[in-house]
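The values are calculated or read from the model by the stated rules, or taken from the named source; none is laboratory data. Only a predicted model underlies this, so the values are computations on that prediction, with no experimental measurement involved. Cβ: placed from backbone, ideal geometry, glycine included. Neighbour counts: every protein chain shown. For the accessible areas, the whole protein counts, side chains as well, though only heavy atoms, and no ligand, DNA or RNA atoms are used. Shrake-Rupley method; radii C 1.70, N 1.55, O 1.52, S 1.80 Å.
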Amino acid sequence: MARAFEAAKGELADRLMAALVAGGRAGGDRRGEQSAALLVVRKGAGYDGSDAIADLSVYDHETPIAELERLYHLNRLYFTGSKPENLIR
């Protein structure tokens with residue numbers, strides 16, 4: 001998880017998500033998976049005036065980390081600004 005976090009590019013949330021995915025791939029919790037969550041805050045950075053950049057939770061799911069990753073990508077698509085290099089004139 002630490003290597004994945006350090007090697008990941010992007011914001012803190014991207015790096016935390018990479019670490020969670022790596023942890024799951026490495027075997028995860030020996031009790032199995034049932035839920036996953038990601039909360040990242042920065043003062044004044046939230047979409048709705050809150051401080052939450054990412055506040056995502058998955059409960060009682062067969063593959064919660066994969067589902068969290070899917071939701072995180074959708075969250076970034078809908079609630080973060082586009083990178084200038086990705087804009088089309």
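Figures for the structure shown
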item	result
Lys, Arg +1 and Asp, Glu -1 on Cβ, resulting dipole of the chain about Cα centre, debye, nearest 20	360 debye
Accessible area expressed per residue, the chain, with surrounding protein chains retained (probe 1.4 Å, Å²)	78 Å²
J(HN,Hα) series, the range 9-20, from Karplus relation 6.51 cos²θ - 1.76 cosθ + 1.60, nearest Hz, glycine and proline x	9, x, 6, 4, 4, 4, 5, 5, 5, 4, 5, 4
Loop-exposed chymotrypsin sites (Phe, Trp or Tyr not before Pro) per DSSP, neighbour cap 13 Cβ within 10 angstrom, longest uninterrupted part of the chain	1-46
Positive-pole candidate from ILE65, GLY23, LEU87, dipole of the chain, charges at beta carbon	LEU87
Extended-chain gain in nm, criterion 0.36 nm per residue less alpha-carbon gap, ARG70 and SER57	3.5 nm
Calculated from backbone phi, Karplus (6.51, -1.76, 1.60) coupling profile of the range 57-62 in Hz, x at Gly/Pro	9, 10, 10, 6, 10, 5
Sparse-neighbourhood loop sites, GluC sites (Glu not before Pro) in the chain - DSSP loop, at most 13 other Cβ within 10 angstrom	GLU62
At R0 = 35 Å, FRET efficiency that the Cβ-Cβ distance of LEU12 and ILE88 yields, to 0.05	0.80
Percent accessible area from carbon and sulfur atoms, the chain, protein chains only, probe 1.4 Å	51 percent
Restricting the range 1-54 to trypsin sites (Lys or Arg not before Pro) in coil, as DSSP defines it, with at most 14 other Cβ within 10 Å	LYS9, ARG30, ARG31, ARG42, LYS43
Computed [θ] at 222 nm, deg cm²/dmol, the chain (DSSP H ≥ 4; -39,500 (n - 2.57); rounded to nearest 500)	-12500 deg cm²/dmol
Matching label, Rg/Rh (Cα atoms, Kirkwood Rh) computed from the structure shown, candidates (i) 1.01; (ii) 1.12; (iii) 0.98	(i)
Normalised contact order of the chain, rounded percent, pairs of Cα under 8 Å and 6 or more residues apart	22 percent
Cα-based Rg of the range 49-89 normalised by 2.2 N^0.38 Å, two decimals	1.47
